[in-house]
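Visitor: My questions will all concern the structure given below.
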Amino acid sequence: RVTGQLLPVLFMFAYGGILFCCLGYTFHKRALCFQGEPVDESSVKKMILTFEKRSYKNQELRIKFPDTPGRFMETELDLNDIIQEMHVIATMPDLYHLLVELNAVHSLLGLLSHDNTDILSFRDVVDLLQELTDIDTLHESEEGAEVLIDSLLEGQVVALLVQNMERLDEQVKEEADGVYNTLAIIENMAEFRPGLCTEAAQQGLMQWLLKRIKAKIPFDANKLYCSEILAILLQNNDSTRELLGELDGIDVLLQQLSVFKRHNPATAEEQEMMENLFDALCSCLMLAANRDRFLRGEGLQLMNLMLREKKMSRTSALKVLDHGMIGPEGSDNCHKFVDILGLRTIFPLFMKTPKKMKKAGTVDKEHEEHVCSIIASCLRNLKAQQRTRLLSKFTENDCEKVDRLMELHFKYLEAVQLADKRIEGEKHDMVKRGEILDDVMEDEFYLRRLDAGLFVLQLLCYIMVEISNSGISQLQQRVHQILNLRGGSVKVVRHIMREYAENIGDGKSEEFKESEQKRIMDLLENF
């Protein structure tokens, strides 16, 4: 009886499977055929020429009968059909040159500003361009991809895409999807050719992104995508960072992030957006002019408040403070940080890594690196009364902060020594195999040592040397006392600091590098 009851169900599944296979076969055949022919170079040419004819005919009738849509309605449908069929070209990037040679790219870009949003809108062209620029497809044929991207950029594709996004109503799902797909095209092109970020930002994209991010509408996938594109544009690019600063983008980022000072993101997607905005802000602060805008926009106060509130934003706020205060360009921010009682916030984080940070997936090393970097920046930049206030923190409660400093020193020293042993073993094996240790390998080994904890160790040694040179004998005595008690060595600290000085100043002028190296060597003289 049970078997009898199951038979109809089994039959239904079998029938569904056969139907699914048939549909798949039909779609596969449609994808590989154009008007009954297999798709090859010849049929692609024919397809493009058909598209060109239909596009021209549609344009001609629109000009001739602008007030009589019925007269050109059929050409709209024909044009839409051929655009749908052209999606098959996205499976053959080696034939992309035909799109350029036969003027199809120019015609497609012309259709981006098509008037009819009911039948043929720019969304159809966007869908096609998104498939053509799919990053995996572009990498299948570098030559074809280069030709296509060159042609799109020559036709000011980003400016056209931005203009069209501005006329879309995201309350309508189809138009919201159009915005999303447009951003996908920009991301694809930026990933394939990072150098176009400057040009894209200047063609109105940066302005549109900032406007969209601060728009007072509920959080959605498009806002998340905008934050992602913004972070991409600002990565390793001083031109886009400067443009964002000029467009009051620092204020926009701070306003959007202020929501998270007392509230955690509601969803994983909103958390991702928050992190993207923090990353964008960190990138911007690499530019000195933006640090001043950050200071005037009360960015320090916001980050300090986030650290005190102990919400999810705390980890990233710490990273932003580090970026804003590092180097001589961070001097004003360091002084302001002391004025707003930031030392009361940062030293408890130095004394103990918060448990909540561990739960949130933040590695201890990342937290300790940012905290130590902030304290090191303050020691480097602070003058007069503010410097005195900082140094007095180290004398509080019987120099407990010096004890913590030395505890961290030995923790990271041990981690680096373990990494050094592994690296020495690898070097020994390479020599035995007759392999040559070139500069590239040495740089790679140095980066591995930094990742193992050498950078944090360098910061800790710098803090030790600075406070020992402060003129407060109590601090110098405590440092040397703990070094002796735990079998530490002044020579080891000197060696670490010399190595740090040798590698300092990447991306800075030679003059800065030399003066900073001399300053560190002078500190070591008296250690």
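Each row is one residue, and each column tells you yes or no for (1) modelled with pLDDT under 95; (2) small (Gly, Ala, Ser).
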| site | (1), (2) |
| --- | --- |
| 401 | no, no |
| 405 | no, no |
| 413 | no, no |
| 426 | yes, no |
| 430 | yes, no |
| 452 | yes, yes |
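Visitor: Let me ask you something else. Wholly within segment 257-314, which helices (runs of 4 or more DSSP H) include no fewer than the required count, namely at least 1 residues that are aromatic (Phe, Trp, Tyr) and buried (at least 16 other Cβ atoms within 10 Å of the Cβ)? Spell out how you get there, then give the answer.
Guide: Details: elements: 268-284, 288-296, 299-309.
Of the helices (runs of 4 or more DSSP H) lying wholly inside segment 257-314, those with at least 1 residues that are aromatic (Phe, Trp, Tyr) and buried (at least 16 other Cβ atoms within 10 Å of the Cβ) span 268-284, 288-296.
Visitor: Considering (1) at positive phi; (2) out of contact with any Ser or Thr (no Cβ under 9 Å at 6 or more places or on another chain), say which one residue 236 fails and leave the rest.
Guide: Single failed check for residue 236: (2).
Visitor: Please enumerate the residues belonging to segment 168-196 that are in contact (Cβ under 8 Å) with a residue 12 or more places away in the chain, closer than 20 Å to residue 212 by Cα and outside any helix (DSSP H, G or I).
Guide: The answer is 170, and nothing else.
Visitor: Looking only at segment 479-527, which residues are open to solvent by 60 Å² or more (accessible area, probe 1.4 Å) and of a type in the set (A, V, I, L, M)?
Guide: 485, 521
Visitor: Please go through segment 135-165 and give me each residue that is open to solvent by 60 Å² or more (accessible area, probe 1.4 Å) and more than 17 Å from residue 100 (Cα to Cα), ordered by number.
Guide: Here is the first cut: in segment 135-165, the residues open to solvent by 60 Å² or more (accessible area, probe 1.4 Å) are 136, 139-140, 142-143, 146, 150, 154, 156, 163.
Answer for segment 135-165, where residues must be open to solvent by 60 Å² or more (accessible area, probe 1.4 Å) and more than 17 Å from residue 100 (Cα to Cα): 136, 139, 140, 163.
Visitor: Also, quick follow-up: Count, please, the residues in segment 323-339 that happen to be in a loop (DSSP other than H, G, I, E, B) and either in contact with a Phe, Trp or Tyr (Cβ under 8 Å, 6 or more places away or on another chain) or surrounded by fewer than 19 Cβ atoms within 10 Å (Cβ to Cβ) (or both). Break it down into steps so the answer makes sense when it comes.
Guide: Of all residues in segment 323-339, those in a loop (DSSP other than H, G, I, E, B) come to 326-327.
Right, trim to either in contact with a Phe, Trp or Tyr (Cβ under 8 Å, 6 or more places away or on another chain) or surrounded by fewer than 19 Cβ atoms within 10 Å (Cβ to Cβ) (or both) and you get 327.
Number satisfying all stated conditions: 1.
Visitor: Same structure, new question: Looking at (1) under 23 Å from residue 190 (Cβ atoms); (2) surrounded by fewer than 16 Cβ atoms within 10 Å (Cβ to Cβ), find the lone condition where residue 53 falls short.
Guide: For residue 53, the exception is condition (1).
Visitor: Kindly list the number of the only condition in (1) more than 16 Å from the chain's Cα centre (by Cα); (2) surrounded by fewer than 16 Cβ atoms within 10 Å (Cβ to Cβ); (3) farther than 24 Å from residue 167 by Cα that fails for residue 245.
Guide: Checking residue 245 against (1) more than 16 Å from the chain's Cα centre (by Cα); (2) surrounded by fewer than 16 Cβ atoms within 10 Å (Cβ to Cβ); (3) farther than 24 Å from residue 167 by Cα, the one that fails is (2).
Visitor: Out of 465, 479, I need the residue that is within 20 Å of residue 352 (Cα to Cα) and of a type in the set (Val, Ile, Thr). Which one?
Guide: Of 465, 479, the one residue that is within 20 Å of residue 352 (Cα to Cα) and of a type in the set (Val, Ile, Thr) is 479.
The values are calculated or read from the model by the stated rules, or taken from the named source; none is laboratory data. This is a predicted model, so every value here is computed, not measured. Glycine gets a Cβ as well: all are built from the backbone with ideal geometry, and neighbour counts include every protein chain shown. What goes into the accessible areas is simple: the full protein's heavy atoms, side chains included, and nothing from ligands, DNA or RNA. Shrake-Rupley method; radii C 1.70, N 1.55, O 1.52, S 1.80 Å.
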